[in-house]
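Colleague: First, the structure itself, so that you have it in front of you.
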Amino acid sequence: MTDTNTNTNTNTGTNTGTNTGTSLSSTVMDSPMGLLTLVASNAGLRAVLWPRDNPARVPLGEVAQTTETTDHPVLVAAVDQLSEYFAGDRQTFDLLLDPIGTDFQQSAWMALRAIPYGTTVSYGEQAAAMGDKRKARAVGAANGRNPISIIVPCHRVVGANGSLTGFAGGLESKQWLLDHESKTAQPSEIETFSTQ
């Protein structure tokens, strides 16, 4: 099994989309849920987009150009690690990330990365871990704008009663990801959710 103890690395700065003229690279990979489009800057992975993703959902910033490629080092690593995840051989990701979002969105996405593989939490639990359980709706809205699906695991957040709720990839994809993780997680490896 590949790398089950390393947490996802992130670019140290908060990217609020104020970069001008960024060159992006993209590639498409097959997945059990259809074709995924991966987008990267030189700083890290910017997005993992679903087959029918709404382009307005994920801002990519001021883009000078986007080039489709199969040899960008961030994209090569992301494709390799996602392939291992889908095969059941990877539970965490070790990639540089470069998502664009507000400070609150960045905080919500950081909290998502603390949710262990094979577990789920409610939006209220995520909001409480961020310091204010009353912000569950705001957390849900921020999660809905998560540009790095699967790697930043918004699929692990469910309704307060455990029901599946909105997901950019569709509820069937969310169910597939949760089922996949429950089948491949080892009980001794499942941890408790905490952002500390």
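The values are calculated or read from the model by the stated rules, or taken from the named source; none is laboratory data. It should be emphasised that the depicted structure is a prediction, and the values quoted were computed from it without experimental measurement. With ideal geometry, Cβ positions are generated from the backbone for all residues, glycine too; neighbour counts draw on all protein chains shown.
Colleague: Which members of region 32-53 meet the condition of being surrounded by 18 or more Cβ atoms within 10 Å (Cβ to Cβ) and basic (Lys, Arg)?
Modeller: Arg46
Colleague: Inspect all residues belonging to region 54-72 and state whether any of them is farther than 13 Å from Ile150 by Cβ, buried (at least 18 other Cβ atoms within 10 Å of the Cβ) and modelled with pLDDT of 95 or more.
Modeller: no
Colleague: Here's another thing I want to ask about it. What's the total number of residues in region 15-32 that are part of a loop (DSSP other than H, G, I, E, B) and modelled with pLDDT of 95 or more?
Modeller: Counting residues in region 15-32 that are part of a loop (DSSP other than H, G, I, E, B) and modelled with pLDDT of 95 or more gives 3.
Colleague: Which ranges mark the helices (runs of 4 or more DSSP H) fully within region 89-196 that have 3 or more residues being over 14 Å from the mean Cα position of the chain (by Cα)?
Modeller: In region 89-196, the matching helices (runs of 4 or more DSSP H) lie at 123-129, 136-144, 171-184.
Colleague: Residue check: is Ala127 in contact (Cβ under 8 Å) with a residue 60 or more places away in the chain, out of contact with any Pro (no Cβ under 8 Å at 6 or more places or on another chain), of a type outside the set (Phe, Trp, Tyr) and crowded, with 20+ Cβ neighbours inside 10 Å?
Modeller: Criteria not met by Ala127.
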